[in-house]
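Heads up: the structure comes next, in structure tokens.
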Amino acid sequence: MSRLQVVSGKGGTGKTTVAAALALALATEGKRTLLVEVEGRQGIAQVFETEALPYEERKIAVAPGGGEVYALAIDAELALLDYLQMFYKLGSAGRALRKLGAIDFATTVAPGVRDVLLTGKACEAVRRKDKSGRFVYDYVVMDAPPTGRITRFLNVNDEVAGLAKIGPIHNQAQAVMRVLKSPETAVHLVTLLEEMPVQETADGIAELRAARLPVGRVIVNMVRPQVLDAAALELVAAVPRSSVARALSSAGLGGARRGGHAERLVDPLLAQAEEHAERYALETEQRAVLTDLEVPLHELPLLAEGMDLAGLYALARKLRGQDVS
Ligand SMILES: Nc1ncnc2c1ncn2[C@@H]1O[C@H](COP(=O)(O)OP(=O)(O)OP(=O)(O)O)[C@@H](O)[C@H]1O
Ligand SMILES: [Mg+2]
């Protein structure tokens, strides 16, 4: 099982929710996971219903069985200060970093450097050991940028290692890429059973593979229950209205005479069934596209009553049940 689990996917498909559920799922049996957020949007705090997270690792949840989830909202500017400290200690490396033209002390941090800092911090947490030589975190789960940006984001250290040919920055960038391109890392993509996110997932996987980044799993989120089985779906198009009305009244739903309650229920019911059959056909198509990607698929249900902490734990149980952890 990879120790760094990166969760990407199309915007709004549930990356933050799935990353949080995965962190909980991995924290079983006394394990400790770190859930990191890199987009500065305090999504993790929202999902766990707590106040905004500082740039500091803190325990955010206890998993069933006693595992612990820590969380960290990585602040790029504070991470930069960390790194500068490190590089200044390393002497000329600080100057080399400036020579890359990458750092503007006074104003904003260039996006590339930002990503170097964010991925660097996550990899540092992956590799960190305590005094007795044990990993501090069994797993690090990253709520990562969306599919369109994920490959570039994870690959940024390759560019840096190429620019700084030798020295501590080169070594640091290479160390990060060693983690990211190894089986120690898995990049998961969250999707919905809809055309756009599925297409984006297929494109994302192709890009990750081309960049030799380790593709993990596809997690299909917000899957709606299938209320009609195959036989019922076939009937939807062909069933006579009169037999639906008779069935309704024999189920006690109003009289069978014309204009009665049962009669009035028939059209809306059939319309709903048709809509369901249509959606089911579309979903089947998208499932087939996903299956062709040859990546393990997992499914998480749509929680009809909305997301809350209990829902999050329920999703974590589902992930554990599907052996994602
Ligand atoms: N399985 C689910 N059932 C019901 N609601 C869900 C489920 N998963 C996610 N949601 C809800 O969908 C919305 C989007 O989820 P989330 O914020 O995790 O997506 P995201 O991909 O991180 O979005 P963004 O691209 O904005 O970061 C949230 O309101 C969340 O509570
Ligand atoms: Mg999010």
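Summary table below
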read-out: The stretch 290-301, residues that are open to solvent by less than 70 Å² (accessible area, probe 1.4 Å) and not in a helix (DSSP H, G or I); value: Leu293, Val295, Pro296, Leu297, His298, Glu299, Leu300, Pro301
read-out: Some residue of the stretch 312-321 being closer than 20 Å to Gly9 by Cα, in contact with a strand residue (DSSP E or B) (Cβ under 6 Å, 6 or more places away or on another chain) and within 16 Å of ligand 1 (Cβ to nearest atom); value: yes
read-out: Where a residue in the stretch 47-64 is within 18 Å of Met307 (Cβ to Cβ) and its partner, wherever it lies, is part of a loop (DSSP other than H, G, I, E, B) and of a type in the set (A, V, I, L, M, F, W, C), with Cβ under 7 Å and at least six apart; value: Ile60/Phe48; Ala61/Phe48; Ala63/Ala27
read-out: Conditions (1) within 11 Å of ligand 1 (Cβ to nearest atom); (2) surrounded by fewer than 21 Cβ atoms within 10 Å (Cβ to Cβ); (3) not hydroxyl-bearing (Ser, Thr, Tyr); number of the one not met by Gly9; value: (2)
read-out: Helices (runs of 4 or more DSSP H) completely within the stretch 124-241 that count 3 or more residues being within 16 Å of ligand 1 (Cβ to nearest atom) and touching a residue at least 24 places away in the same chain (Cβ under 8 Å); value: 147-163, 195-210
read-out: Among (1) open to solvent by 10 Å² or more (accessible area, probe 1.4 Å); (2) in contact with a helix residue (DSSP H, G or I) (Cβ under 6 Å, 6 or more places away or on another chain); (3) within 16 Å of ligand 2 (Cβ to nearest atom), the one test that Gln42 misses; value: (2)
read-out: Single unsatisfied condition, Ile166 versus (1) under 15 Å from the mean Cα position of the chain (by Cα); (2) β-branched (Val, Ile, Thr); (3) open to solvent by 10 Å² or more (accessible area, probe 1.4 Å); value: (1)
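The values are calculated or read from the model by the stated rules, or taken from the named source; none is laboratory data. Bear in mind the structure is a predicted one, so any value in this text is a computation, not a measurement. Positions of Cβ are generated from backbone atoms using ideal geometry, with glycine treated the same way; all protein chains shown enter the neighbour counts. Ligands, DNA and RNA are excluded from the accessible area calculation, which covers all protein heavy atoms including side chains. Shrake-Rupley method; radii C 1.70, N 1.55, O 1.52, S 1.80 Å.
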